[in-house]
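J.: Please find one structure pasted underneath; my questions will follow.
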Amino acid sequence: MSDQVCVGAIAGAYGVRGEVRLKSFCADPQAIADYGPLTDENGTAYTVTLIRPIKNGFVARLSGVATKEDADARKGVQLYAPRDRLPEAGEDEYYHADLIGLRVLDTGGTEIGTIRAVMDHGAGDLLEIQGPGLKNTVLLPFTRACVPTVDLAGGKVVADPPDGLF
């Protein structure tokens, strides 16, 4: 699924008529319906119709989901769009999927580890870094001060972490 980008997830049923609670991971949350049909990990395609916004997402209707039981069975399913349907990332913008797996080097060129995940808890993105010399994963703020260089073509980022973080 390397040509696919996760754009949302089904959070469960909404009501009894087969609607779902849909979380959008798009910069413009409503744009999730524009990138369809969306597919799940198994390749099942869904046409998305947004009904109305709710807290933390939308009420949506998905093709092939007709009952509350159908919607409940899909809770937690991630939805993907082909990369070529998504807008190009702007300058200093990156898709999380492009960052995961990149090598992390310190400013002296020593490899620290690799990016395992990108998290956003509301105060800005954090890079979860794992590595052979690390007892646990480390969360590095994804700011220009802590990550001055992102080289997607070279498969690496250069990190200048705060003292004591690693």
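The values are calculated or read from the model by the stated rules, or taken from the named source; none is laboratory data. Remember, it's a predicted structure, so these values are computed and weren't measured experimentally. Cβ: placed from backbone, ideal geometry, glycine included. Neighbour counts: every protein chain shown. Keep in mind that these areas ignore ligands, DNA and RNA; they rest on the heavy atoms of the full protein, side chains included. Shrake-Rupley method; radii C 1.70, N 1.55, O 1.52, S 1.80 Å.
J.: Consider residue 100 carefully, then state whether it is within 13 Å of the chain's Cα centre (by Cα), open to solvent by 70 Å² or more (accessible area, probe 1.4 Å) and of a type in the set (Val, Ile, Thr). Walk me through it before giving the result.
T.: Details: within 13 Å of the chain's Cα centre (by Cα): yes; open to solvent by 70 Å² or more (accessible area, probe 1.4 Å): yes; of a type in the set (Val, Ile, Thr): yes.
For residue 100, the condition - within 13 Å of the chain's Cα centre (by Cα), open to solvent by 70 Å² or more (accessible area, probe 1.4 Å) and of a type in the set (Val, Ile, Thr) - is met.
J.: Just the residues that are in contact with a helix residue (DSSP H, G or I) (Cβ under 7 Å, 6 or more places away or on another chain) and outside any loop (DSSP other than H, G, I, E, B), please, taken from region 23-37.
T.: 24, 35
J.: Restricting attention to region 95-131, and to residues there that are assigned to a strand (DSSP E or B) and among the charged types (D, E, K, R), which single residue is farthest from residue 166 (Cα to Cα)?
T.: Our first condition is that a residue be assigned to a strand (DSSP E or B); within region 95-131, this holds for 103-106, 111-120, 125-130.
Cutting the leftovers down to among the charged types (D, E, K, R) gives us 103, 106, 111, 116, 120, 125, 128.
Values: 103: 15, 106: 10, 111: 12, 116: 16, 120: 21, 125: 18, 128: 12 Å.
Ranking the candidates gives 120 first.
J.: Could you list, in sequence order, the residues of region 1-17 that are in contact with a helix residue (DSSP H, G or I) (Cβ under 6 Å, 6 or more places away or on another chain) and surrounded by 12 or more Cβ atoms within 10 Å (Cβ to Cβ)? Can you show your working first?
T.: Residues of region 1-17 that are in contact with a helix residue (DSSP H, G or I) (Cβ under 6 Å, 6 or more places away or on another chain), as a first pass: 3, 5, 7-8, 13, 16.
5, 7, 8, 13, listed by residue number.
J.: Just name the residue that is nearest to residue 97 (Cα to Cα) out of those in region 123-151 that are open to solvent by 70 Å² or more (accessible area, probe 1.4 Å) and at pLDDT below 90. Let's see the steps before the verdict.
T.: As a first pass, look at region 123-151 and keep what is open to solvent by 70 Å² or more (accessible area, probe 1.4 Å): 123, 130, 132-133, 135-136, 139, 144-145.
Those left that are additionally at pLDDT below 90: 123, 132-133, 135.
Values: 123: 20, 132: 22, 133: 24, 135: 25 Å.
That would be 123.
J.: Continuing with the same structure: Does region 1-22 hold any residues that are out of contact with any Leu (no Cβ under 9 Å at 6 or more places or on another chain), on the phi < 0 side of the Ramachandran plot and either of a type in the set (Lys, Arg) or part of a strand (DSSP E or B) (or both), and which are they?
T.: 4, 13, 17, 21
J.: Among the residues of region 18-51, which ones are open to solvent by 60 Å² or more (accessible area, probe 1.4 Å) and either basic (Lys, Arg) or touching a Gly at 6+ places or on another chain (Cβ under 6 Å) (or both)?
T.: Once the filter is applied, which keeps residues that are open to solvent by 60 Å² or more (accessible area, probe 1.4 Å) and either basic (Lys, Arg) or touching a Gly at 6+ places or on another chain (Cβ under 6 Å) (or both), region 18-51 yields 21, 23, 25, 47.
J.: Over 24 Å from residue 126 (Cβ atoms), among the acidic types (Asp, Glu) and without any contact (Cβ under 8 Å) to a residue 60 or more places away in the chain: which single residue out of 19, 111, 91 fits that description?
T.: Working: 111 fails: over 24 Å from residue 126 (Cβ atoms); 91 fails: over 24 Å from residue 126 (Cβ atoms).
It is 19.
J.: For residues that are assigned to a loop (DSSP other than H, G, I, E, B), within 17 Å of residue 24 (Cα to Cα) and not β-branched (Val, Ile, Thr), scanning just region 64-88, find the one that is most open to solvent (accessible area, probe 1.4 Å).
T.: Of all residues in region 64-88, those assigned to a loop (DSSP other than H, G, I, E, B) come to 64-67, 74-77, 86-88.
Still in the list and also within 17 Å of residue 24 (Cα to Cα): 74-77, 86-87.
Retained after the next criterion (residues that are not β-branched (Val, Ile, Thr)): 74-76, 86-87.
Working: 74: 54, 75: 135, 76: 54, 86: 19, 87: 70 Å².
Here the answer is 75.
J.: Which pairs do you get when a residue that is polar (S, T, N, Q), found in region 22-41, comes within reach of a residue that is surrounded by fewer than 19 Cβ atoms within 10 Å (Cβ to Cβ) and at pLDDT 95 or above, reach meaning Cβ atoms under 7 angstrom, with the pair 6+ apart or on two chains?
T.: That search, which allows pairs on different chains as well, returns 30/50; 39/45.
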